[in-house]
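Just below is one structure, and these are the notes that go with it.
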Amino acid sequence: MIITPSDLQGTMVNANLDDLYLQNAINEAEGVYLREILGDLLYNTIINKINNQTLTGKYATLVDQYIKIYLQYKTQSLLVPQVAFKIRNAGVISQFDQGFNTTSVKDTMYVQEQYDSKAEFYANRLTVYLQKNASDFPEYGYSDDNVTQPTETQNVTTIYLGGGRKKGCGCNTTPQATTTTVEWDNIQNRPNFAQVAYSNDYNDLDNKPEIPSVEGYATEEWVQEQGYSTFDGDYNSLTNKPTIPTVPTNVSAFTNDAGYTTFDGDYNSLTNKPTIPVVPTNVSAFTNDAGYLTQHQSLDGYATEEWVSEQGFSTFSGSYEDLTDKPTIPTVNDALLTIKQGGVTKGTFSANSNQNIEIDLEAGGSGSTDWSDIQNKPNFANVATSGDYEDLQNKPTIPTVPTNVSAFTNDAGYLTQHQSLQGLATENYVDSAIQQVEQEIPTVPTNVSAFTNDAGYLTQHQSLQGYATETWVQQQGYTTFDGDYNSLNNKPTIPAAQVQSDWNATSGMGEILNKPSMTAETWTFTLSNNTTVTKTVWLQPTV
């Protein structure tokens, strides 16, 4: 299990809700809907890592930052019908707790759609992340080992301008705005979109136009039921033909009896135009009030590698072995002098001789021989009996090797302290400057009502007075023909029905005139530690 009922604390879910409801919704959200996004292989891999407590690295990031937020909203979406309705012997009934009023089915479905809309957003966000980082998750993607294959998604946009989604496909059915790789959660100062931006429901619009009722108008089925007789099939043969007005397609076709102003579409013709600041593109456009350095300090007096080499400074390592012209140190022989008496060894001594020496004293006497009585003794050096280094002759001069840098003379003029950093920009200073720039980015309108109707767009439908009604047609006593519209000659050109406005359309009924132009620029800031921060900035729209 990826999330538990405790993960839903702090949401709209009441703390008193039975965990059984929560558990059932979580199981369905994970086992059905999440599995459909990830595919069997990646889903089972994540479950095994959680169970074995080995969820780390990129897999932990995937779960903590992308999967859990999706599961929270999807679980709440699945909870709504479960807690609102119950299946009994009598059928599906509404839940009701004493002291509370239940909502209508319409309101219940509306609440579910809100959670489902957010769940779809995070599902799309999760899928895009997996597609961009597919190399980090080898289990993701189409595989014969998957019973459930992962779903795919299309473009992700930073600003949604209309259209809807087909349930379950995760794809947009209308063209999208300019794509960007900026994550939605990383965008600061986002505008507060109207509810219709998420629901795509006509009923969520404010100031909806009044659509005339078609009640009383003749339908094809009704005309066929009247059994009218046919005529020659030529429209021009009809008598008392109704005058079919031409449906205007341009605002200019209407009489400006309301006195709307006619704006020529030129921005320069506007009054009280806002002052749009010029966005600098060069650092030189800013005042250097922070005292940033504009050139390097002088290195006069500092030693270069070439200068040091020319001075012939010694590179002696301090080791005796690296000396040249070392003195010759005499070799001290280590021969063995053995003193015997009557063939019995009485003692052994070290002797400065190139061969071992044995002295056999005569047997008898007092059992001891005085050293002075020994003849042909070698001439031992003092060190033979003292063992003292100071008794050696021609001792080498051993230099003292310094152990501290301070023992050397700083004739090269090396630095003994760092230069001052006063006046240089810190990372906190740059971050603060970036935040200040972000706070000055203007809010981009999301509703047409936020604009002044200076172009004179229609705010209501034209009058239908003079159009034929079903009652009027009956009163005329018109005869019918074979009932097939295609049998008519000289058929009139009937204007196309109303169509959904299309932001990207460049012609036709769906074209939106005088659209505001919104431009996105990418600004890159270099911090004091030479790292860069890239921000996408939406400039003030031009009308």
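The values are calculated or read from the model by the stated rules, or taken from the named source; none is laboratory data. These numbers come from a predicted model, not from an experiment. Neighbour counts are summed over all protein chains in view; Cβ atoms, including those assigned to glycine, are modelled from backbone coordinates with ideal geometry.
Within the option set THR173, THR151, THR180, being within 30 Å of GLU30 (Cβ to Cβ), hydroxyl-bearing (Ser, Thr, Tyr) and at pLDDT below 65 holds for one residue only, THR173. Checking each residue in region 499-518 for being closer than 25 Å to PRO442 by Cα, at pLDDT below 75 and among the aliphatic types (A, V, I, L, M) picks out only MET518.
Hey, any hits in region 447-466 for a residue that's surrounded by 14 or more Cβ atoms within 10 Å (Cβ to Cβ), at pLDDT below 75 and touching a Phe, Trp or Tyr at 6+ places or on another chain (Cβ under 8 Å)? Spell out how you get there, then give the answer.
Narrowing region 447-466 to residues surrounded by 14 or more Cβ atoms within 10 Å (Cβ to Cβ): 447, 451, 454-456.
Those left that are additionally at pLDDT below 75: 451, 456.
From what is left, the residues that are touching a Phe, Trp or Tyr at 6+ places or on another chain (Cβ under 8 Å) are 456.
Within region 447-466 (the criterion being surrounded by 14 or more Cβ atoms within 10 Å (Cβ to Cβ), at pLDDT below 75 and touching a Phe, Trp or Tyr at 6+ places or on another chain (Cβ under 8 Å)), the answer is yes, since at least one residue qualifies.
Tell me yes or no: at least one residue of region 382-392 is of a type in the set (Ser, Thr, Tyr) and either within 60 Å of the chain's Cα centre (by Cα) or surrounded by 10 or more Cβ atoms within 10 Å (Cβ to Cβ) (or both).
Of all residues in region 382-392, those of a type in the set (Ser, Thr, Tyr) come to 385-386, 389.
Now restrict to residues that are either within 60 Å of the chain's Cα centre (by Cα) or surrounded by 10 or more Cβ atoms within 10 Å (Cβ to Cβ) (or both): 385-386.
Scanning region 382-392 turns up at least one residue that is of a type in the set (Ser, Thr, Tyr) and either within 60 Å of the chain's Cα centre (by Cα) or surrounded by 10 or more Cβ atoms within 10 Å (Cβ to Cβ) (or both).
Cβ separations smaller than 9 Å between residues 6+ apart or across chains give the following pairs from region 252-274 residues that are surrounded by 10 or more Cβ atoms within 10 Å (Cβ to Cβ) to residues that are outside any loop (DSSP other than H, G, I, E, B) and modelled with pLDDT of 75 or more: PHE263/SER269. Can you tell me which residue within region 209-220, out of those that are touching a His at 6+ places or on another chain (Cβ under 8 Å) and not charged (D, E, K, R), is modelled with the highest pLDDT? Looking at residues that are touching a His at 6+ places or on another chain (Cβ under 8 Å) and not charged (D, E, K, R), I get PRO209. Of all the residues in region 397-428, those that are assigned to a helix (DSSP H, G or I) and over 30 Å from SER528 (Cβ atoms) number 3.
The set of residues in region 183-208 being surrounded by 10 or more Cβ atoms within 10 Å (Cβ to Cβ), at pLDDT 75 or above and not hydrophobic (A, V, I, L, M, F, W, C) consists of PRO191, GLN195, SER199, ASN200, ASP201, ASN203, ASP204.
In region 519-543, the qualifying residues are those that are under 16 Å from the mean Cα position of the chain (by Cα) and exposed (fewer than 14 other Cβ atoms within 10 Å of the Cβ), and the one that is modelled with the lowest pLDDT is VAL533. Annotation: ILE69 fulfils all but one of (1) in contact with a Phe, Trp or Tyr (Cβ under 8 Å, 6 or more places away or on another chain); (2) modelled with pLDDT of 75 or more; (3) of a type in the set (Val, Ile, Thr); (4) surrounded by fewer than 14 Cβ atoms within 10 Å (Cβ to Cβ); the unmet one is (4).
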